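First up is the structure itself, then whatever we jot down about it.
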Amino acid sequence: MNALRSLFFGLLAPVIAVAIAVVATSVVIIASGSDSGVGSFWSIMLAVPQDRILVNIVNQSSMIYLSAVAVAIGFRMNLFNIGVEGQYLVASYAAATFVGAALLPGFVNIVLGLVIAIAVGAAWAGIAGLLKTYRGVSEVISTIMLNAIAGIVVSYFLDKYGVHGGNQVNTATAPESSWVPGWTPFTSADGAIWSLDLLAVLVGVGFWVLLSRTRLGFDLRATGASTTAAVASGVSVERMTLVAMLLSGGVAGLIWMPAYFGSAHVYGTTFQAGLGFTGIAVALLGRNQPLGMVFGALLFAFLSAQSNSLTLQTDISSSVVQITQGVAVLAVVVAYELVRRSRSRVEQRAVARATAPVNQEVAA
Amino acid sequence: MRRTTKIAAVAVVTAIALTGCSKKSDTSATDASSSASDDICKTADGDGPMIGLAYDVGGRGDQSFNDSAYAGVSKAVEEFDGSCVEGEAEDGEAESAREDRLRQMADAGATAIIGVGFAYSDSVNAVAPDYPDVNFAVVDGYDPDSKANDNVAYFSFAANESSYLVGVAAALTTQTDEVGFVGGVHNDLIKAFEAGYTAGVHAVNPDIQVDVAYIEESDLSGFSDPAGGKTAAAGEFDKGADVVYHAAGASGSGVFDAAVEAGDGMWAIGVDSDQYLTATSTQQPHILTSALKRVDVASYDFIKSVNEGTPDTSYVTYDLTNDGVGYSTSGGFLDDVSDQIDEYASKIKSGDITVPTAP
């Protein structure tokens, strides 16, 4: 009974949030006076995805999930790493440059490329971590600034050392022996589910183990719940801040690696920016829970992939799904608070009822 | 008490949600109404060729690059009694989303598909081999690998030449001997605009100072950021420039606003389309000229070639000699100096002047 009730309360908030998002999106579409109408919007969005869209959803959600985990590691100890965007940008460029140089044979090149991505992502996040621990600089400010710096630094190096062709500039193409293509469930035109999507699974499981099964995870959560309590029980907050930033940045470094090894093979025009910010939204939506973020990532990837047909078939802009996504995140924060309150009221009442006769006896 | 807080909280969320969206709904309302009445792709259903038009970031309504492509397509649709489908790129979208957009168009029956913007080079290269009967074109595109596609055309524009001419116009107009340039994204494509512009300015008077600013280093959002364009241009006007040329797509409207706010005698130069024609009446007195990049001509020619059964393939160059680029004279602000500008134009055509492509 209790398990059922907590499941009910656990699901209540996300369901309310998604419902509000659906209503808000519909209202916007009606208010904008679209000729196609709300009906066609939802029938396109909720249509059974085509084969290649399914492939895209899997690929996109795994990258979004990696980003969400990177953000959540910080969130769990009240550290707002807004800099995931910059961290995976720098890491992707560094890894692509290394792998493109083809200094080592195939498999070793791949492994070292991933290690470099993790290391560079962690190092970039570490700057913000060091600033916070030694100089007390708010990580929100420093990571946002590091995002801008990352963009400029990478563009500079890419422009200077990249391969220019036509109107584009890329890093050198990775040698074919270092490609990690993946599994083609349908036809080759529908694309492949990249093998390195498995990184998301590994990182997700690792995140769960870290949080609930290790000393480090306990310290992390303790620091997040109460700094003073953590200090009292012998946790060094400075050390935890740095460790959390490094871990967060390391995971961030992996975000674009499935796409790089799977299909892009260069860092350049095909680099997908913005995943770092999507990760923040998904971490909020999934309440920083390993499983919750899986659903968040799937939902975001699904909405984005499905929305591509909108401008082709209706007069509704595909940006409308950003309203759905934004409202869902906003609503989930409020919904959780409301559910928490009503839940505690239900529990209080239950406790009161259970203890009431005892009190009467005492009074008598 | 708690109940009121709760209701207040819900009210605030709804308010934020709705006000946050109201801006969006405003724009989509105008989009929707304009697309209902103007958008030929929603109304045309002829038996002629079906055209797919995949816009770059900024999309239709940027009054510049994408709208120019649309103008060419709508002319072709009317003339050949065809039909068309449109799709638009999102900021920071996945490469797979671009490919999916092109495939959806091909699956819908489009026989000529135009990717507007070099960012479609890779996706067209990936998709084209799967649809041998469909002809593709990429504006500003290039073949990313050594394997040539025999159903893809790449339009390249000598934007450095048109930029050179508006640079001459800027140099002949400036009173402060200082002019500005605002680029959307600091990539090779936009650097060619900067290089041509600077060369044109210095051809008239080497002492004129050219201030250069880019909105974004590499993020394509620089082409859809009017606020960023306004900040960059306002900075140059503040420094003393009195003519600012933008090559920033939909961000250009911010550059025009900056010129309006800078006051009388402050000029902005448009890009790609004749932007005087689409500017607001307060902006118009400040739009000196526009550097034309005839994406509309290229798009129309491509569809025509497909319709005639001899589709364009490989690289197709548009420059001054075939009127693929140029400058506009709407507003009549250049009436006194257009002879001098045309002189430079004929020197470029004859090869007496070689315009640089990189700063």
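Relative contact order of chain A: what whole-number percent is it, with Cα pairs under 8 angstrom and at least 6 residues apart?
33
Roughly speaking, what is the centre-to-centre gap between the stretch A:1-67 and the stretch A:131-174 when only Cα atoms are used, to the nearest Å?
33
When only Cα pairs under 8 Å and 6 or more residues apart are kept, what is the percent relative contact order across the stretch B:228-359? Intermediate values should be presented prior to the final figure.
Numbers: 182 pairs, mean separation 23.4, N = 132.
Relative contact order for the stretch B:228-359 comes out at 18 percent.
In what order do B:84, B:41 fall by count of nearby beta-carbon atoms within 10 Å, going from fewest to most?
On the way: B:84 26, B:41 21.
So the residues, fewest neighbours to most, are B:41, B:84.
State the extension gain, in nm to one decimal, for the chain segment bounded by residue A:277 and residue A:103, taking 0.36 nm per residue of separation less the distance between their alpha-carbons.
Between residue A:277 and residue A:103, full extension yields an extra 59.3 nm.
For chain B, what does the alpha-carbon gyration tensor say about shape, rounded, prolate or oblate, given a ≥ b ≥ c as the root eigenvalues, a/c under 1.5 as rounded, and a/b over b/c as prolate?
The shape class here is oblate.
Return the loop-located chymotrypsin sites (Phe, Trp or Tyr not before Pro) in the stretch A:175-231 (DSSP other than H, G, I, E, B) with at most 16 other Cβ atoms within 10 Å of their own Cβ; answer none if there are none.
Hits after loop and neighbour filter: A:186.
Given N residues in the protein assembly as shown, what is its alpha carbon radius of gyration divided by 2.2 N^0.38 Å?
1.04
Rounded if a/c is under 1.5, else prolate if a/b is larger than b/c, else oblate: which is the stretch B:181-244, with a ≥ b ≥ c the root eigenvalues of its Cα gyration tensor? Can you show the working numbers first?
On the way: a/c = 3.16, a/b = 1.38, b/c = 2.29.
Here the stretch B:181-244 falls in the oblate category.
Students often get this wrong, so check it: of B:75/B:239; A:160/B:239; B:147/B:347, which have C-alpha atoms separated by over 32 Å?
B:75/B:239; B:147/B:347
Roughly what % antiparallel, to the nearest 5, for the DSSP beta bridges in the protein assembly as shown?
Details: 7 of 50 bridges.
Given both bridge residues lie in the protein assembly as shown, the antiparallel proportion sits at roughly 15 percent.
Below 13 Å, Cα to Cα, which aspartates and glutamates can residue B:293 reach? Residues fewer than 8 away in the same chain don't count.
The qualifying aspartates and glutamates are B:67, B:140, B:161, B:272, B:274, B:319, B:323.
Once you list every other residue whose beta carbon is under 10 Å from the beta carbon of residue B:314, what net charge do they have if Lys and Arg are +1 and Asp and Glu are -1?
Net of charged neighbours comes to -3.
In nm², what is the average projected area of the convex hull enclosing the Cα atoms of the stretch A:130-187? Walk me through the intermediate numbers first.
Working: hull surface 33.0 nm².
That works out to 8.2 nm².
Could you work out the pair-distance distribution P(r) of the stretch A:59-315 from its alpha-carbon pairs, with 5 angstrom bin width and percents rounded to whole numbers?
The calculated distribution, bin by bin, is 1, 7, 13, 17, 18, 16, 12, 8, 4, 2, 1, 0, 0.
Tell me whether the stretch B:71-199 comes out rounded, prolate or oblate; compute the Cα gyration tensor, take square roots of the eigenvalues as a ≥ b ≥ c, and use a/c under 1.5 as the rounded threshold. The partial results should precede the final answer.
On the way: a/c = 2.48, a/b = 1.96, b/c = 1.27.
Prolate, since a/c reaches 1.5 and a/b exceeds b/c.
So how do B:95, B:86 line up by other beta-carbon neighbours within 10 Å, fewest first?
Lowest count first: B:95, B:86.
Neighbour counts of other C-beta atoms within 10 Å: give me B:286, A:164 arranged from fewest to most.
With the sparsest Cβ surroundings first, the list reads A:164, B:286.
Helix check for chain A. Which DSSP H runs span at least 27 Å along their own axis by Cα, with a mean Kyte-Doolittle hydropathy no less than -0.5?
Helices passing the filter in chain A: A:2-31, A:51-75, A:106-135, A:139-161, A:320-363.
Report relative contact order for chain B in percent, whole number only (criteria: Cα-Cα under 8 Å, sequence separation at least 6).
17
Want the number for residue A:313 to residue A:356: 0.36 nm per residue separation, take away the alpha-carbon distance, what's left?
Numbers: separation 43, 0.36 × 43 = 15.48 nm, distance 6.27 nm.
Taking residue A:313 through residue A:356 to full extension adds about 9.2 nm, to one decimal.
I want to verify a result. In a Gaussian network model of chain A, Cα cutoff 10 Å, which of these has the top mean-square fluctuation: A:33, A:326, A:74?
Maximum among the listed residues: A:33.
No value in this document is a laboratory result; all are computed from the given coordinates. Just so it is clear, the structure is predicted and the values come from calculations on it, not from any experiment. As a convention, Cβ positions derive from the backbone with ideal geometry for all residues, glycine included, and neighbour counts pool all protein chains shown.
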